[in-house]
1. Restricting to Cα pairs below 8 Å that are 6+ residues apart, what does the relative contact order work out to for the chain? Please round to a whole percent.
2. Report, in debye and to the nearest 20, how large the dipole of the chain comes out about its Cα centre when Lys and Arg carry +1 and Asp and Glu carry -1 on their Cβ.
3. When the accessible area of region 3-155 is computed with all protein chains present and a 1.4 Å probe, what percentage of it is carbon and sulfur?
4. Residue separation times 0.36 nm, minus the C-alpha to C-alpha distance between R214 and W309: what's the value?
5. Considering only protein heavy atoms, with the full assembly of protein chains and a 1.4 angstrom probe, order D277, D188 by accessible area, largest first.
6. With +1 on each Lys and Arg Cβ and -1 on each Asp and Glu Cβ, how big is the dipole of region 3-155 about its Cα centre, in debye rounded to the nearest 20?
7. Compute the distance in nm between two label points, each set 7 Å from the Cα along the Cα-to-Cβ direction, one at E154 and one at E133.
8. For region 217-279 and region 145-191, what is the separation of their Cα centres, given in Å?
Amino acid sequence: MTNRDLETLVDTSDEWITERTGIKERRIAAPNEAASDLACEASQKALSAAGLKPKHIDLIIAATVTGDMPFPSTACTLQALLGAKNAAAFDLNAACSGFLYGLSVAECFIKAGSKKRILVVGSEVLSKFVDWEDRGTCVLFGDGAGAAVVEATEGESGIISTEMHSDGTLGGLLCIPGGGSRIPPSKDSVRDGSHFIKMKGNETFKIAVRTLERLVVDTLKKNKIKPSELALLIPHQANLRIIQAAAERLRLPMEKVLVNIDRYGNTSAASVPIALDEAVRSGRVREGDYILLEAFGGGLTWAAVLLKW
Ligand code: COA
């Protein structure tokens, strides 16, 4: 769906969306597609890249806020679709930081020695939770999925450090208020549109910029890595101006920053793994490279993962 398509739905323009967000188009799932369907395709690609079969996976972590249904979990549905019969499976809700929270959790299981091969997937079908009459949000989001297999390795490559943070006092800035046990689905909740994404965009924007600038600097400092040693920054794709602010704070040239928001919009938990996949497949990541992944989203939550490829 392009910005021009959106011009026919709400009072907006390609110029406004491009200038304020960097988004030109976003992907929309088919009416019969749910989060597990997108997750399945991404997971199959990740398994094939890792040279593994579904039976080799012993844990599935599905990061999503747009799961197929309240329960069973999207991770369990995905397990069935994949035929990953040896896996335990659970969902993880950390909104846009979900994939990075998932990587952090996977790292803990592997370090503890209780799981060997973990499929971490971020999958979102946000288009089904967007109010297509609210120009403040409907232009921002898109659907997608990305996945990675995490396992123990010998040597220096892998996850160097992880950062996970949250501030639940600011949960109201970005949320879907209805459809849960607080405001159960009813004729009234549907009439009020409480099952749609609500965002105080400008406030969220300012906090995201401040928080991410601090997060990227602190993560590198903690690991005694200079910004110039970083091969690639892979940020959550919420707004090009937020991405640029973090890059500027590190004095990183934009060639060292993965940007694909123009094609996908904000795909929440799917955005970092989609960007990581594009970076790997396009040869932008080489062995021994330091890569910094970062994200910020509803909760509020924010997270970073420093990798050595
Ligand atoms: N088309 C045209 N005008 C629009 C619009 C649209 N799609 N959406 C909002 N506007 C208008 C507003 O109504 C407002 O008009 P007004 O000044 O007459 O009231 C004006 O544009 C400015 O709105 P504002 O919300 O202040 O713009 P902004 O510069 O903050 O940009 C966002 C809006 C949503 C793009 C930006 O705030 C954002 O990206 N927010 C955070 C996203 C994020 O990080 N999310 C967390 C991770 S998921």
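1. Value for the chain: 24 percent.
2. 760 debye
3. Its accessible area is 53 percent carbon and sulfur atoms.
4. Taking R214 through W309 to full extension adds about 31.8 nm, to one decimal.
5. Largest to smallest exposure gives the sequence D188, D277.
6. In debye, rounded to 20, region 3-155 gives about 940.
7. So the two model labels end up 6.3 nm from each other.
8. After rounding, the separation between the Cα centres reads 19 Å.
The values are calculated or read from the model by the stated rules, or taken from the named source; none is laboratory data. Because the structure is a prediction, the values reported are computed rather than measured. Glycine gets a Cβ as well: all are built from the backbone with ideal geometry, and neighbour counts include every protein chain shown. Note: areas computed on protein heavy atoms with side chains; ligands, DNA, RNA excluded. Shrake-Rupley method; radii C 1.70, N 1.55, O 1.52, S 1.80 Å.
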